[in-house]
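Presented below is the structure to which this report refers.
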Amino acid sequence: MSQTIQIPNICEFMNRHFVDVFETMLSMKTEAVAAAGLPQFEDRVTGCVAFAGERVNGAVYLHLGTLFAGQVAAAMLGLAPADLGEAEVNDVVGEVTNMLTGGLKSWLCDSGAECAVSTPAIIRGSSFMIEPMPDVVREWLVFDCHQNRVVVEIHVKVG
């Protein structure tokens, strides 16, 4: 089945998919925040997984505050946040980003836009911005989860 890939459809899918991943894998309830500005993180952990194919390519970035990233890792691993090191937190943030991007990949493939995904990468810091190339569309989805803001940043180039 081949159809036109549209950015609003990708965002609609990712809104639902994010909620499903956090609820299923982490037992964490999340809620999309409509028309929210981008939160400012003191320190953050960002997971990145790219996707590429003939008709579509881009990347998904998952931005979490550092303390909340530790809570997410603890939820997935069944441990206390204090028992985790940076490596475990990085692994979990990378894996959650991989799950989000893997779901998008499946959705894109079902839409006729075959693509593959990269391995996860992690960015840590307090003051960085990810800039897309001029022909890439960037969208942000903001969620509330356990009184924390989480951002899913999607970069997509169709064509």
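The values are calculated or read from the model by the stated rules, or taken from the named source; none is laboratory data. Note that this is a predicted model, so its numbers are computed, not measured. Every residue, glycine as well, gets a Cβ built from its backbone with ideal geometry; the counts of neighbours run over all protein chains shown. We work out accessible area using only protein heavy atoms, side chains counted, and drop any ligands, DNA or RNA first. Shrake-Rupley method; radii C 1.70, N 1.55, O 1.52, S 1.80 Å.
Here are a few things to note about the model shown:
- With a requirement of 1 or more residues that are open to solvent by less than 10 Å² (accessible area, probe 1.4 Å) and over 14 Å from LEU141 (Cβ atoms), the strands (runs of 3 or more DSSP E) lying completely within segment 1-113 that satisfy it span 44-52, 56-65.
- Residue in segment 130-140 that is modelled with pLDDT under 95, closer than 19 Å to GLU31 by Cβ and part of a strand (DSSP E or B) present: yes
- Considering residues of segment 114-144 that are open to solvent by less than 70 Å² (accessible area, probe 1.4 Å) and hydroxyl-bearing (Ser, Thr, Tyr) only, the residue nearest to GLU95 (Cα to Cα): SER118
- Of all the listed residues (GLY65, GLY112, GLY94, GLY85), the sole one being modelled with pLDDT of 95 or more and under 26 Å from ILE5 (Cβ atoms) is GLY94.
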